[in-house]
Amino acid sequence: MRRVIVTHYHTDHKGQIETLREAGADLEVWVHADDADDVERFSVEREERLDEGNALFSDHGAPAALLARQAERIRRDIARDEPLAKATRVDRRLRNGDRIPFKAFELEVLHAPGHTAGHLVLAEEASGTLLTGDHLMGNAVPFTESFYLADHPDPIDPLGRRPRFRGLPAYLASLRRLRARTHRTILPAHGGILDRPARVIDDALLFYQVRIQRVERAVARIASERGDASAWEVWQLLFPALDPDTQMRTRMVMVIGALDVLEDEGRVRPLRRRDGTIAFRPAPA
Ligand SMILES: [Zn+2]
C-alpha cells in the first residue's frame, strides 16, 4: 500500500490517482477534511461550483445575460472535453496539527485555507522544510476561492447574506500564521525551490495589499458619483480592457475577496440595494 497526501482538490494536484487505482495500484488517499468532498465529487475542475459562482456574481451585480452566456460556454467545454482527472475515494480526512510519521521523518499538517477551503501545507520541523502546494509558489501568487456554504441566509448577518467561504481573508490569515513560524526552505508545487520563506510570504501579502488598495480606491470613486459601488462596478472600473465573457470570473472573485477584507477591517460598509444587489460604501473616517 502507498499513501498519497493531496494538498488540495485541484486537478493538477489530485492527478491520476483514480486512473492508477483502476490499473491496480493499492493507494490510500489522505486529504484535508474541507477538501475531501471535492476530491470525491469532482471529475473536471471547471465543473466546480458553476451555478454557485453565478449566484455569487449575480448577488454582487453581474448582469444575468453575461452569466448565462458564460454558463452555456463552460457547460459546452465540460461536455466536450475528457476529464483530466477523475474523482477518487478519500481514505483519511486530515486536520490541522495531525502528524504523519515516515521512517526517517515526520510531517505536520498545517491547515492553510485560501486557495481552496481545505488546502494544507506539510511541515518537516527537523530540516525546516515546508511543502506548500499552491499556497506559496515559485512563479505566482495563487487566486483564492469564494463560494456559498448554504442556501439559507446567515442568521447573524444583518443583510441576510448567505454564509460563504471567504478565501482572501482566510488566505491572508493563513499566511500570517505561517509567517510567525521559522522555516528554511519552501518546496512549492509550481516554480522552483524557495530559500527565504519569510520573504516569499511578505511578497504574497504585498501582492494582495496592492490589489485591496485598488479596490478600496475604486469603491470610493464610484460611490462619490452614485452613492455606493457593487463588486461588478468595481470590476468594470479596474479592468476596462478585459473581455467579461472570458475574463470576468477569477478577477471578480478577487474583487469580492478584497471587499471582504475591507469590510472586516471596517474600511467599507456593505448594504443591499432595493433590487437585492450587495453594494459597498466607504466607511466614514
Ligand atoms: Zn490549485
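Some points to look at:
- Taking first residues from region 152-170 that are under 20 Å from Ala258 (Cα atoms) and partners that are of a type in the set (Lys, Arg) and loosely packed, with under 11 Cβ neighbours inside 10 Å, no Cβ contact under 9 Å between residues at least 6 apart in sequence or on separate chains turns up.
- Residue check for His111: within 12 Å of Ala33 (Cα to Cα) and not basic (Lys, Arg): yes
- Meets criteria (free of Cβ contacts under 8 Å to residues at least 12 places away in the same chain and more than 16 Å from the ligand (Cβ to nearest atom)) for Glu82: yes
- Annotation: of all residues in region 236-254 being without any contact (Cβ under 8 Å) to a residue 60 or more places away in the chain and either in contact with a helix residue (DSSP H, G or I) (Cβ under 7 Å, 6 or more places away or on another chain) or assigned to a loop (DSSP other than H, G, I, E, B) (or both), the one that is nearest to Leu66 (Cα to Cα) is Asp243.
- Residue match in region 48-71 (condition: at pLDDT below 85, within 30 Å of Leu237 (Cα to Cα), within 16 Å of the ligand (Cβ to nearest atom) and out of contact with any Ser or Thr (no Cβ under 8 Å at 6 or more places or on another chain)): yes
- The residue pairs whose first member lies in region 255-280 and is in contact (Cβ under 8 Å) with a residue 12 or more places away in the chain, whose second member is of a type in the set (Val, Ile, Thr) and part of a strand (DSSP E or B), and whose beta carbons are closer than 8 Å, counting only pairs six or more residues apart or on different chains, are Leu259/Val268; Leu262/Val268; Pro270/Ile278; Leu271/Ile278; Arg272/Ile278; Phe280/Val268.
- Applying the set (1) of a type outside the set (D, E, K, R); (2) under 15 Å from Leu175 (Cα atoms); (3) buried (at least 19 other Cβ atoms within 10 Å of the Cβ); (4) more than 16 Å from the ligand (Cβ to nearest atom) to Asn96 leaves exactly one unmet item: (3).
- Applying the condition of being surrounded by 17 or more Cβ atoms within 10 Å (Cβ to Cβ) and without any contact (Cβ under 8 Å) to a residue 40 or more places away in the chain to region 221-234 and asking which residue is farthest from His115 (Cα to Cα) yields Ile222.
- Index of the failed condition, Lys103 passing every other in (1) assigned to a loop (DSSP other than H, G, I, E, B); (2) away from the ligand (no atom under 16 Å from the Cβ); (3) touching a Ser or Thr at 6+ places or on another chain (Cβ under 7 Å): (3)
- For Glu22, the test of being touching a Ser or Thr at 6+ places or on another chain (Cβ under 6 Å) and away from the ligand (no atom under 16 Å from the Cβ) is failed.
- For Arg162, the requirement of being crowded, with 16+ Cβ neighbours inside 10 Å and over 19 Å from Leu107 (Cα atoms) is met.
- Set Val253, Val210: member being surrounded by 13 or more Cβ atoms within 10 Å (Cβ to Cβ) and β-branched (Val, Ile, Thr): Val253
- Total residues in region 56-76, condition among the hydrophobic types (A, V, I, L, M, F, W, C), part of a helix (DSSP H, G or I) and surrounded by 16 or more Cβ atoms within 10 Å (Cβ to Cβ): 5
- First in region 101-118 and within 19 Å of Val4 (Cβ to Cβ), second anywhere and within 16 Å of the ligand (Cβ to nearest atom) and aliphatic (A, V, I, L, M), Cβ under 6 Å, 6 or more apart: Leu107/Leu122; Val109/Leu120; Leu110/Val121; His111/Leu120; Ala112/Val121
- Filter pass, Asp38 being touching a residue at least 12 places away in the same chain (Cβ under 8 Å), within 15 Å of the ligand (Cβ to nearest atom), among the acidic types (Asp, Glu) and surrounded by 16 or more Cβ atoms within 10 Å (Cβ to Cβ): yes
- Condition met for Ala79 (in contact with a Lys or Arg (Cβ under 8 Å, 6 or more places away or on another chain) and either surrounded by 17 or more Cβ atoms within 10 Å (Cβ to Cβ) or part of a helix (DSSP H, G or I) (or both)): no
The values are calculated or read from the model by the stated rules, or taken from the named source; none is laboratory data. These figures come from a predicted structure and were not determined experimentally. Cβ coordinates were reconstructed from backbone atoms using ideal geometry, including for glycine residues, and neighbour counts include every protein chain displayed.
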